1. If residue 433 meets every condition in (1) surrounded by 15 or more Cβ atoms within 10 Å (Cβ to Cβ); (2) at pLDDT 85 or above; (3) more than 20 Å from the chain's Cα centre (by Cα) apart from one, which number is that one?
2. Taking the range 154-175 only, how many residues are assigned to a helix (DSSP H, G or I) and surrounded by fewer than 18 Cβ atoms within 10 Å (Cβ to Cβ)?
3. Among the residues that make up the range 247-256, is at least one of them modelled with pLDDT under 85, assigned to a helix (DSSP H, G or I), touching a helix residue (DSSP H, G or I) at 6+ places or on another chain (Cβ under 8 Å) and more than 30 Å from residue 45 (Cα to Cα)?
4. So for the range 404-423 (the condition being without any contact (Cβ under 8 Å) to a residue 40 or more places away in the chain and part of a loop (DSSP other than H, G, I, E, B)), does at least one residue qualify?
5. Would you mention how many residues in the range 263-283 are at pLDDT 90 or above and surrounded by 24 or more Cβ atoms within 10 Å (Cβ to Cβ)?
6. Only one of these is surrounded by fewer than 24 Cβ atoms within 10 Å (Cβ to Cβ) and in contact (Cβ under 8 Å) with a residue 40 or more places away in the chain: 245, 233. Name it.
7. Provide a single number: the residues in the range 292-318 that are out of contact with any helix residue (DSSP H, G or I) (no Cβ under 8 Å at 6 or more places or on another chain) and at pLDDT 80 or above.
8. I'd like to check which helices (runs of 4 or more DSSP H) are fully inside the range 75-136 and have at least 3 residues that are closer than 19 Å to residue 51 by Cβ and either out of contact with any helix residue (DSSP H, G or I) (no Cβ under 6 Å at 6 or more places or on another chain) or touching a residue at least 40 places away in the same chain (Cβ under 8 Å) (or both).
């Protein structure tokens, strides 16, 4: 018979609890931002780059892709759904702005959770961010093919057959355009962050001009009667629409993932987050109003290229459809580029902490880019985009994002109580009321999503916890900082 220490059972439980709740001090998060065994990222981005990064990651998803799915759920009240989703995003954006100014690290809300709620919560948040960033790239890429077809049809009169422009389950075998746009974005990112930022800025300008072109045409066909009744599907439809359209606000936090590549992160990150959200919200509401005013809400279903269809039916002609489709192609490519960038930086931060393999934190000495990380993420996302339908991707992404945003709001409350001494370049007004409301509204929006989305989310969390138990917990860098991996509580 094998003898065991009588103290072992009693000691194992506290040791596990210490591992799961150990926190990474803010000071160490900031110090790690300029170091790392695999190399460090370069600080080259200013306020303009950071703002364009967030706009690039946000503007386009809800308007160019998901609007056609949200209108049949909410009716004309989709305009109010956009406002409600924007309010939910604003409350969380305020919390992001405070934490980004305090903790200029690449991990975004993953790093914030590590400093406040402990390692297990940080892993869960990081795993949700993988869902938010990586899967949302795939979801957006799915819609890209729809606008490529619109552009081809308007210019040369041909389209890509459904068999090769739709994923399985949506009438096709493989979505080749979705694969192509992710591969192209990956190649741009491999060139370096400065080159990527410049390319994104050009694309952001083009897609804003495309949306303004749409509004100028759609408002000529505006019919007030299309807005009545405002709530044909009730308040529940409006709420469900807001939960779906929250997907369109994913990306405003992209600037926070650039915390280690910003020249003056404490000053510029909060400004970039708030500026980008304000610009995007105004454009979303303006375009949504023009869209439902020009086309009856019950005729939106069945297309992900809703804006091009509206321009065509409003008498804009093939030239206008072609220009709008070109803008949409550029817009969605910009979203793919910037959100893919964010996903790579999240995995970079998790790898540096030891929670995912070190491959993801190795930086190329010449370009300053985590090269292997970029290639692995690009390959995974491109295959996902080519083989999974849009609707399931969008909803799964929304629930993961809402959960991560809720944790950010909680992190603000915790740090206000535990570390009131830390310098803050931006402070959430009316705290703790605003972050509490932000967390509650995120929870409300999560509950508005369907059962199938929750099943996917729970399955995703179970998979993530299995990976943490099998790898992350055993390789965490915090385990080497003190006896038994214990860090002092803050």
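The values are calculated or read from the model by the stated rules, or taken from the named source; none is laboratory data. Since the model is a prediction, treat every value here as computed from it, not as a measurement. Note: ideal-geometry Cβ built from the backbone for every residue, glycine included; neighbour counts use all protein chains shown.
1. Going through (1) surrounded by 15 or more Cβ atoms within 10 Å (Cβ to Cβ); (2) at pLDDT 85 or above; (3) more than 20 Å from the chain's Cα centre (by Cα) one by one, residue 433 breaks only (1).
2. Looking only at that region, the number is 4.
3. No, the range 247-256 contains no residue that is modelled with pLDDT under 85, assigned to a helix (DSSP H, G or I), touching a helix residue (DSSP H, G or I) at 6+ places or on another chain (Cβ under 8 Å) and more than 30 Å from residue 45 (Cα to Cα).
4. yes
5. 8
6. Of 245, 233, the one residue that is surrounded by fewer than 24 Cβ atoms within 10 Å (Cβ to Cβ) and in contact (Cβ under 8 Å) with a residue 40 or more places away in the chain is 233.
7. Counting residues in the range 292-318 that are out of contact with any helix residue (DSSP H, G or I) (no Cβ under 8 Å at 6 or more places or on another chain) and at pLDDT 80 or above gives 1.
8. Answer list for the range 75-136: 78-102.
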